[in-house]
Amino acid sequence: MKSLEELMAIREKARQGMGIRNDKHEGTRVVVGMATCGIAAGARPVLSALVEEVAKENLDVQVGQTGCIGICQYEPVVEVIEPDKEKVTYVKMTPEKAIKIVHKHLMGGEVVQEYTIGKVGK
Amino acid sequence: MRELSLNVMDVAQNSISAGASLIGITVEEQSQANTLSIRIEDNGKGMSPQQVAQVQDPFYTTRTTRKVGLGIPFFRMAAQMTGGNFSIRSQQGVGTWVEANFFTNHIDMVPVGDMKETVLLLVITNPHLDFTYTRRRDQAAFTLDTRKLRVILGDVPLNDPAVSTWLRGYLDEGEAEVLG
């Protein structure tokens, strides 16, 4: 059984480790549309994949959720919000596409054009 | 919605939008009676009696981007399709309480699905909110209370990667123990 003692050890480790994360991503947020439309279209596995991949790569990126942004036909929708940059909206997401976004966009700094609303919407 | 855990995720979003700081999720099964009950309660801003009536209407929504709001109607329908029932109570300034009761042996019963994934994602994408999750089957019960974890964690956030990995394992094991 996972014990609370284990959690205490995690706290000690996390405290020591704070600050050694990659600061390049500071302030970057990734949000997934989790209103009824998003969830019904499969947003939960997309959110799971993002959370897991960001944790695995130890990125200092906040993964969060948002409501309906009004483009329900393009759900699941993922938005990448970086400081001083234009927001990027990815549409019709799947867990596989989300993982690609973590690697190419969040880690590589390169927008995955083919999944953006500008491309898919046409 | 293909599984009830997705309805729970959806209804919990309403609690978050209502400014709740504590959200409680309870899933209880009575295997002899073939019943399942799901409750979601919050300490958000609550609703007026008129709004309580309106949220059950698919053509009412608080969002400004569309004219329909299907979250509560979907959840209510899932319960009623099994011969079960649905109720919602709310008080302004106090919070909202939603309960859906299901008959699990009915042919239209939607699977509960992965409740722990719903809970995990709610916790780690809303690290400043508190959640309780109770899963009961007959005499067995498991509870997760983020307020207790927070005491142990101090300033380490609930969405710290190591913490979320621990949480996943804790939920997996807790549920497995209850569900056998």
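Rounded to the nearest 500, the 222 nm mean residue ellipticity of chain B from helices alone is -12000 deg cm²/dmol, with -39,500 (n - 2.57) taken per DSSP H run of at least 4 residues.
Across chain B, the mean sequence separation of Cα contacts (distance under 8 Å, 6 or more residues apart), normalised by length, yields a relative contact order of 24 percent. Mind giving me the FRET efficiency for A:THR116 and B:SER17? R0 is 35 Å, r the Cβ-Cβ distance, nearest 0.05 is fine. FRET efficiency, A:THR116 to B:SER17: 0.80. Shielding value for A:28-40 is 5, the average number of Cβ atoms from other chains within 10 Å of each residue's Cβ.
Averaged over residues, the count of other Cβ atoms within 10 Å places the peptides B:76-87, A:80-91, B:160-171 in the sequence B:160-171, B:76-87, A:80-91, highest first. Just list whichever of A:LYS56/B:LYS148; A:LYS87/A:LYS119; A:LYS56/A:LYS85; A:LYS100/B:LYS116 have alpha carbons separated by over 21 Å in the model shown. Violating the 21 Å limit, Cα to Cα: A:LYS56/B:LYS148; A:LYS56/A:LYS85; A:LYS100/B:LYS116. Only aspartates and glutamates eight or more places from A:LYS97 in sequence, or on another chain, were considered; those with a Cα closer than 15 Å are A:GLU52, A:GLU53, A:GLU75, A:GLU79, A:GLU110, A:GLU114.
Using the alpha-carbon centroid of each, what span in Å lies between segment B:37-56 and segment A:50-122? Value for the Cα centre distance between the two parts: 32 Å. Each part gets one Cα centre, and for segment B:84-150 versus segment B:164-180 those centres are 15 Å apart. Mean partner shielding of peptide B:151-163, defined as the number of other chain Cβ atoms within 10 Å of each residue Cβ, is 6. The Cys residues in the protein assembly as shown with no partner Cys Cβ within less than 4.7 Å of their Cβ are A:CYS68.
Helix A:4-17 and the longest principal axis of the Cα set of chain A meet at an angle near 80°. Neighbours of B:THR132 by Cβ distance under 10 Å: Lys/Arg scored +1, Asp/Glu scored -1, total -1. Across peptide A:3-11, the mean count of Cβ atoms from other chains lying within 10 Å of each residue's own Cβ comes to 5. Placing R0 at 25 angstrom, the Cβ-Cβ distance between B:ASN85 and B:GLN139 gives a FRET efficiency of 0.55 after rounding to 0.05. If you fit an axis through the alpha-carbon atoms of helix A:43-56 and take the longest principal axis of the Cα set of chain A, what angle between them do you get, 0 to 90°, nearest 10? Compared with the principal axis, the helix lies near 40 degrees.
Taken together, the values in this text are just the output of simple stated rules run on the coordinates, not laboratory data. On a predicted model such as this, the values are computed, not experimentally measured, just so you know. All Cβ positions, glycine included, derive from the backbone under ideal geometry; neighbour counts span all protein chains shown.
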